[in-house]
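Following: one structure in structure tokens, then a few remarks.
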Amino acid sequence: MAAIETIELTKKYGELAALGGVSLSIPEGDFFGLLGPNGAGKTTLIRILTTLLRPTNGKAGILGLDVVKDRAKVRNLIGVVPQAMTSDLDLTGIETMDIYARFYGMPKKERQERIYELLEMVGLRERAKDLVATYSGGMRRRLEIARGLVHKPSILILDEPTIGLDPQSRHVVWELLEKFRKMDKLTILLTTHYMEEAETLCDHVAIIDHGKIVALDSVEGLKKQVPEKDIVELTISGVDLEKAIEWVKTVPTVKSCVNRDDALIIGSDNGAQAIPVLIEGLNKMGANINKALLKQLSLEDVFIHFTGRPIREEEAKKVSFLLGAGVPSKWGK
Ligand SMILES: Nc1ncnc2c1ncn2[C@@H]1O[C@H](COP(=O)(O)OP(=O)(O)OP(=O)(O)O)[C@@H](O)[C@H]1O
Ligand SMILES: [Mg+2]
């Protein structure tokens, strides 16, 4: 039985299809990543799976239970870490955990043991009695992950768990997720727009764009689906970038070319052969070559291949704080 299954799932807001027919099957024990830019539909999918939003059409199941008809049972099976930080600043770490544990009807002794065990694991044992208001962003996130696990769910669902965290805190969260996954034999579904996060953690990755899954495979499998073998990155100045891109696309061995943060990202069958030709041609157009790199294919390049554009992480980060799961509840349903 699949841990998570969706069949032709759609969600419409008026004319806008936030989800346009998503079919997915995530096996038990999988670490699954849903990778997509702002507005792709990640939070919408998560909110349906976590019973907070009704789909317009289609079906979604958690371990064989329907997310609409078996809401209460589904809620017991899943742990959820929403996109926006939701832990109450006026509570201590222990109180935060205890409220959730009571909500799931855990007896006192079991509750206490589990809470201390989890706080220890996320490195907050020492700060357990301090107010959440005094925690750093990374600590708060760790607490929210522990809170999501308090009732020993089979599936942990996280919406952009490391958004807005500094790189060090992000790595701490990654280590934690790996640890919990092994210890509790969890199935984990996370959404992210950080390529490195998906590449580091996930067994399988689905790329979602405009409410549709455009590719789904292991990270290695996704890379194999891209015809370019090498990526050449050229930072240039002194010419019109659009004109330069037009010309680059005519060079033999070049398969694709896009502009990312004023660098040309060029997919090629043979990067080493392409570089001298590209530099000579661009020089002739009057361009200065400020930097030239030959790189192995990354998940970011896979994303560009399937969506025709890069994810701009900084932009994405800014906007995500304004949109996403933090939308007023009157917008829900
Ligand atoms: N309550 C709502 N009413 C109207 N439109 C909505 C609502 N919630 C989401 N949308 C729209 O649906 C689309 C998908 O939004 P969603 O929040 O699922 O994207 P996301 O992939 O989570 O993006 P982000 O990376 O910014 O969190 C967007 O175009 C968004 O504006
Ligand atoms: Mg979102």
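Could you sort out which of K42/K69; K179/K224; K223/K243; K42/K73; K59/K212; K12/K224 sit more than 26 Å apart by Cα distance in this structure? As for pairs spanning more than 26 Å Cα to Cα, those are K179/K224; K223/K243; K12/K224.
Looking at the range 264-313, which GluC sites (Glu not before Pro) are DSSP coil and have at most 12 other C-beta atoms within 10 Å of their C-beta?
Working: sites: E280, E300, E313; in loops: none.
The qualifying sites: there are none.
How large is log10 I(q)/I(0) at q = 0.09, 0.14 Å⁻¹ when the Debye formula is applied to the Cα atoms of the chain, each weighted equally and without solvent? Log10 of I(q)/I(0), two decimals: -0.54, -1.09.
Let me check I've understood the local charge: for H171, count other residues with C-beta under 14 angstrom from its C-beta, Lys and Arg +1, Asp and Glu -1. What total comes out? Could you put the intermediate results ahead of the total?
Values: positive: R141, R142, R170, K179; negative: D166, E175, E178, E196, E197, E199.
That sum, taken over residues with Cβ under 14 Å, equals -2.
Net charge in the neighbourhood of G58 (other residues with Cβ under 12 Å of its Cβ; Lys, Arg +1, Asp, Glu -1) is +1.
From the alpha carbon centroid of the range 108-142 to that of the range 189-266 is 39 Å. Working from label points 7 Å from Cα in the Cα-to-Cβ sense, the E110 to L293 distance is 5.1 nm. Taking label positions 7 Å along the Cα-Cβ direction at both R71 and V251, the computed distance is 5.7 nm, reported to one decimal.
Membrane-span-like helices in the chain: DSSP H runs reaching 18 Å or more (Cα, own axis), mean Kyte hydropathy at least 0.0? Numbers along the way, then the final one.
Numbers: long enough: 108-121 (20 Å, -1.54); 167-184 (26 Å, -0.92); 271-284 (19 Å, 0.54).
In the chain, the long hydrophobic H runs are 271-284.
Rounded to the nearest 20 debye, the dipole magnitude of the chain is 1180 debye, with +1 charges on Lys and Arg beta carbons, -1 on Asp and Glu beta carbons, and the Cα centre as origin. Packing around the peptides 6-18, 138-150, taken as the average count of other Cβ atoms within 10 Å per residue, puts them in this order, highest first: 138-150, 6-18. Once the Kirkwood radius over Cα pairs is known for the range 227-296, the Stokes-Einstein relation at 10 °C and 1.306 mPa s delivers a diffusion coefficient of 138 µm²/s.
Less than 13 Å Cβ to Cβ from R181, Lys/Arg counted +1 and Asp/Glu -1: what total charge do the surrounding residues give? Before the final figure, lay out each step's value.
Numbers: positive: K179, K182, K185; negative: E28, D30, E175, E178, D184, D203.
Combined, the nearby Lys, Arg, Asp and Glu give -3.
Loop-only trypsin sites (Lys or Arg not before Pro) in the range 19-121, please: DSSP not H, G, I, E or B, and at most 12 other Cβ atoms within 10 Å. Mind showing how you got there, number by number?
Working: sites: K42, R47, K59, K69, R71, K73, R75, R102, K108, K109, R111, R114; in loops: K69.
Qualifying residues, ordered by number: K69.
Values in this text are rule-based calculations from the coordinates and carry no lab data. What you see is a predicted model, and the numbers here were worked out from it, not measured in a lab. Note that we place each Cβ from the backbone using ideal geometry, even for glycine, and neighbour counts take in every protein chain shown.
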